[in-house]
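Below: the structure, in structure tokens.
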Amino acid sequence: MDISPTTAPPPPQDTRPAPLPTKAAARGATRPGDRIFLGLSRGSGILLLLIMAAIAAFLTYRASIVLSENEGNFLTTFEWNANAVPPVFGIAVLAFGTVVSSIIAMIIAVPIAVGIALFITHYAPRKLSGPIAYVIDLLAAVPSIVYGLWGALFLVPHLTGVYSWLNDYFGWTGILEWQGGAPRSLLTVGILLAIMILPIITNVSREVFKQAPQMHQEAALALGATRWEVIRMSVLPFGRSGIISASMLGLGRALGETMAVATVLSPSFLINASVLDPGGGTFAQNIASKFAEASEQGRDALIASGLVLFVITLLVNGAARAIIARRKEYSGANA
């Protein structure tokens with residue numbers, strides 16, 4: 001009787017996933033180039049924090065010297081006489097003018113910039129979108145003093161009719177009431193700042209819109225959506241974080257703009273109810289116009305106002321980052 005040998009069953013295979021390398025092993029396996037790049041990146045971040053801390057410490061130290069001698073209330077005084085003994089100065093007018101002119105600039109610039117970015121990326125043919133994007137890039141390279149000269153010599157004389165029209169139809173609000181005179185007001189400054197920050201917001205928004213998932217857009221079109229519905233449901237949700245970031249970059253430029261504002265604005269330490277009345281001031285414009293003639297004490301007062309502008313800028317950017325971090329849909333992952 002022929003008995004053939006039985007075949008033993010194969011041993012069971014281990015289907016468990018391979019253990020992940022420990023952190024120490026991963027560090028040991030890192031190549032020298034990676035370690036060098038990690039060190040340089042970490043050092044750059046630490047250096048940036050040290051520079052910011054040094055700037056804040058310098059501004060705080062110089063501001064504390066003169067604030068202890070100030071006879072007025074630094075936050076509410078409508079006067080700037082920092083060279084007197086004792087000094088009397090306050091930032092009420094400067095804070096009002098800086099915030100109002102920046103808000104006007106953002107109201108004008110953000111919708112226009114987002115519209116231009118959408119037109120370049122989703123509506124304009126390629127032969128037209130390229131030249132338009134190139135012109136927008138050129139606007140970002142124009143020096144601020146050139147914008148200031150253009151605003152003083154061209155924009156201001158041609159805004160008289162606009163001011164008259166606003167006064168005729170909206171003067172009853174008080175905010176747009178015009179008493180006559182040269183239109184060297186916060187509204188003119190806001191319009192000029194809007195032109196200056198328009199390229200920044202447009203370029204960043206355009207690059208974000210280009211990264212919108214193409215498959216999502218094609219799927220919406222296949223379901224019968226119009227082009228605007230595709231943009232509203234797919235492109236804009238994906239680009240919200242980019243729009244917010246672009247707007248904050250533009251706002252930072254508007255808050256700190258100096259020469260263009262100093263060339264156009266007719267400065268005064270008065271807060272007008274109407275944005276069409278000449279007068280007002282901003283932090284940067286006041287520093288630029290008074291720094292040359294200021295004494296040591298006056299320069300410390302200007303540094304104190306610069307510290308306020310520094311804090312405002314940090315708060316604005318911090319608020320923007322907090323908004324993006326708290327709203328997960330802004331990240332674009334769910335677009």
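The values are calculated or read from the model by the stated rules, or taken from the named source; none is laboratory data. All of these numbers come straight from a predicted model, not from anything done at the bench. Positions of Cβ are generated from backbone atoms using ideal geometry, with glycine treated the same way; all protein chains shown enter the neighbour counts.
Of note:
- Qualifying positions in the stretch 263-283 - surrounded by 22 or more Cβ atoms within 10 Å (Cβ to Cβ) and within 23 Å of Val66 (Cβ to Cβ): Gly281, Thr282, Phe283
Conditions (1) over 19 Å from the mean Cα position of the chain (by Cα); (2) among the hydroxyl-bearing types (Ser, Thr, Tyr), marked per residue:
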site: Ser185; (1), (2): yes, yes
site: Glu229; (1), (2): yes, no
site: Gly252; (1), (2): no, no
site: Ala260; (1), (2): no, no
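- Top-ranked residue of the stretch 87-114 - restricted to ones that are β-branched (Val, Ile, Thr) and in contact with a helix residue (DSSP H, G or I) (Cβ under 6 Å, 6 or more places away or on another chain), ranked as surrounded by the fewest Cβ atoms within 10 Å (Cβ to Cβ): Ile108
- Set Ala82, Ala56: member being of a type in the set (A, V, I, L, M), closer than 21 Å to Asn286 by Cβ, surrounded by 12 or more Cβ atoms within 10 Å (Cβ to Cβ) and touching a Gly at 6+ places or on another chain (Cβ under 6 Å): Ala82
- Candidate set from the stretch 240-262 (those that are under 29 Å from Gly171 (Cβ atoms) and of a type in the set (Gly, Ala, Ser)); member that is surrounded by the fewest Cβ atoms within 10 Å (Cβ to Cβ): Ala262
- Residue match in the stretch 35-55 (condition: touching a residue at least 60 places away in the same chain (Cβ under 8 Å), within 16 Å of Val308 (Cα to Cα) and within 29 Å of the chain's Cα centre (by Cα)): yes
- Residue match in the stretch 166-180 (condition: buried (at least 18 other Cβ atoms within 10 Å of the Cβ), out of contact with any Asp or Glu (no Cβ under 7 Å at 6 or more places or on another chain) and among the hydroxyl-bearing types (Ser, Thr, Tyr)): no
- Some residue of the stretch 301-321 being polar (S, T, N, Q), buried (at least 20 other Cβ atoms within 10 Å of the Cβ) and touching a helix residue (DSSP H, G or I) at 6+ places or on another chain (Cβ under 9 Å): yes
- Single residue of Phe238, Phe269 found to be out of contact with any Ser or Thr (no Cβ under 8 Å at 6 or more places or on another chain), under 30 Å from Arg206 (Cβ atoms) and hydrophobic (A, V, I, L, M, F, W, C): Phe238
- Residue match in the stretch 115-129 (condition: exposed (fewer than 14 other Cβ atoms within 10 Å of the Cβ), among the small types (Gly, Ala, Ser) and at pLDDT below 90): no
- Residue-level check: of (1) in a helix (DSSP H, G or I); (2) within 25 Å of Leu255 (Cβ to Cβ); (3) out of contact with any helix residue (DSSP H, G or I) (no Cβ under 6 Å at 6 or more places or on another chain); (4) of a type in the set (A, V, I, L, M), Ile197 misses just (3).
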